[in-house]
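Reviewing the structure listed below.
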């Protein structure tokens, strides 16, 4: 999970149920802080950590509101 002080966390998960929930919330317009999804067979832990570090350094939490993103980046 990527967290920054005084802000809602952006969740990283490999659990498909969270991805489905977040996509459902997107369709219904229900706000959430953002979800980053990495399929269990889609990459290595090292790739996921590298991409999460890049996200943390290159973006602001408000950019992730109501967003579902997939990693690893290709």
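No lab work stands behind these numbers, since they all come straight from the coordinates. Fair warning: this is a prediction, and the values are worked out from it, not measured in the lab. Every residue, glycine as well, gets a Cβ built from its backbone with ideal geometry; the counts of neighbours run over all protein chains shown.
May I ask what percent, to the nearest 5, of DSSP beta bridges between residues of the chain are antiparallel?
Numbers: 1 of 8 bridges.
Of all bridge pairs located within the chain, approximately 10 percent are antiparallel.
Counting only helical runs of four or more DSSP H residues, what would the 222 nm mean residue ellipticity of the chain come to if each run contributes -39,500 (n - 2.57) and the total is spread over all its residues?
Working: 2 runs with 27 residues, N = 74.
Helix-only estimate at 222 nm: -11500 deg cm²/dmol.
Which peptide among 64-71, 37-44 comes first, and what is the full order, when sorted by highest mean count of other Cβ atoms within 10 Å? Intermediate values should be presented prior to the final figure.
Values: 64-71: 16.4, 37-44: 13.5.
Packing order, densest peptide first, comes out as 64-71, 37-44.
Taking 0.36 nm per residue of separation and subtracting the Cα-Cα distance, what length does fully extending residue 70 through residue 45 add? Walk me through the intermediate numbers first.
Numbers: separation 25, 0.36 × 25 = 9.00 nm, distance 1.41 nm.
Fully extending the segment from residue 70 to residue 45 adds 7.6 nm.
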